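Data block below; observations after.
The values are calculated or read from the model by the stated rules, or taken from the named source; none is laboratory data. Being a predicted model, the structure only gives us computed values, none of them experimental. In this analysis, Cβ positions are derived from the backbone assuming ideal geometry, glycine residues included, and neighbour counts consider all displayed protein chains. SASA here: full protein model, heavy atoms, side chains in, ligands and nucleic acids out. Shrake-Rupley method; radii C 1.70, N 1.55, O 1.52, S 1.80 Å.
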Amino acid sequence: MPDGGQELKRRTFLQGAASAGALTLISEWPKVGLAANESVFKIRLNGMDLWLDRETGSLVYLASRATGVLLEGTRGQSGLLDLAYPTKEFGPLRLASRFSKARAHQEGNSVTIKWELLGPSRSDFPLPEGHVGAQVEVRAAADGRSVILSCRIENHSKAPIPQILFPDFWGLTPSNGVEGTQLRLARGVVRPFT
């Protein structure tokens, strides 16, 4: 659990799979690049369309030709990173991308999203001294079919962070039914709807 002054790194691999019931992330669509829409940053990596909210850096859309729409969120109803940040005054306090201001930068086949200060879920309670920042990198894997998400959290506060949700796929849809939808991640398979 990262306490003040500690840094945590985590990586998640979204990988295509040919078997039924898996989230297959393979497509032949052309690369999209930056979107004309000012509120959304769009990128296509290894056939996967990812749309990020330009203000918060939260993931609002995830799709591929093979699976269709996997995640569809809205402003305020999307996420990418969520941390438990309990305080003496309010135990269930959260710090999350959806409460924060982000900067996104695309370079080649990757996008870096940076939050200098992760915002709290409530603003009517005093926060511990210091701040918590984070950076997420989303990049195309060399295999041509996977996308890698990595996260670095910097806790410059005096409070611990006992829980980290990354990636926070708020808005995930059951693309292959409630029972059949799987996320194939680096540490195993997750069935998010069962």
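For (1) closer than 26 Å to GLU55 by Cβ; (2) in contact (Cβ under 8 Å) with a residue 40 or more places away in the chain, each residue gets a yes or a no:
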residue	(1), (2)
ILE153	yes, yes
PRO160	no, yes
PRO174	no, no
GLU179	no, no
LEU185	no, yes
**Study point:** Filter result (of a type in the set (Asp, Glu) and either under 20 Å from ARG44 (Cα atoms) or buried (at least 20 other Cβ atoms within 10 Å of the Cβ) (or both)) within the range 145-194
**Key:** ASP168
Practice item. Go through ARG152, ARG187, ARG145, ARG122 for me and flag whichever is among the basic types (Lys, Arg) and within 23 Å of GLU72 (Cα to Cα). Key: ARG145
Check your understanding: Counting only residues that are in contact with a strand residue (DSSP E or B) (Cβ under 7 Å, 6 or more places away or on another chain) and of a type in the set (D, E, K, R), which one in the range 66-100 is farthest from ARG122 (Cα to Cα)?
Key -> GLU72
Check your understanding: Which residue pairs have Cβ atoms closer than 6 Å, lie 6 or more positions apart in sequence or on different chains, and pair a first residue in the range 131-148 that is without any contact (Cβ under 8 Å) to a residue 24 or more places away in the chain with a second residue that is surrounded by 17 or more Cβ atoms within 10 Å (Cβ to Cβ)?
Key -> GLY133/TRP115; GLY133/GLU154
Study note, to complete from the structure: By my count, strands (runs of 3 or more DSSP E) wholly in the range 132-194 with at least 1 residues that are over 17 Å from LEU80 (Cβ atoms), modelled with pLDDT of 95 or more and not hydrophobic (A, V, I, L, M, F, W, C) are 147-155
Practice item. Select from the range 47-99 the residues that are at pLDDT below 90, open to solvent by 10 Å² or more (accessible area, probe 1.4 Å) and over 15 Å from the mean Cα position of the chain (by Cα) and list them in ascending order. Key: ARG65, ALA66, THR67, GLY68, VAL69
Check your understanding: When the range 112-128 is examined, which residues are found to be touching a His at 6+ places or on another chain (Cβ under 6 Å) and among the β-branched types (Val, Ile, Thr)?
Key -> THR112
Check your understanding: Given the structure, is GLU137 under 17 Å from the mean Cα position of the chain (by Cα), of a type in the set (Asp, Glu) and over 24 Å from THR74 (Cα atoms)?
Key -> no
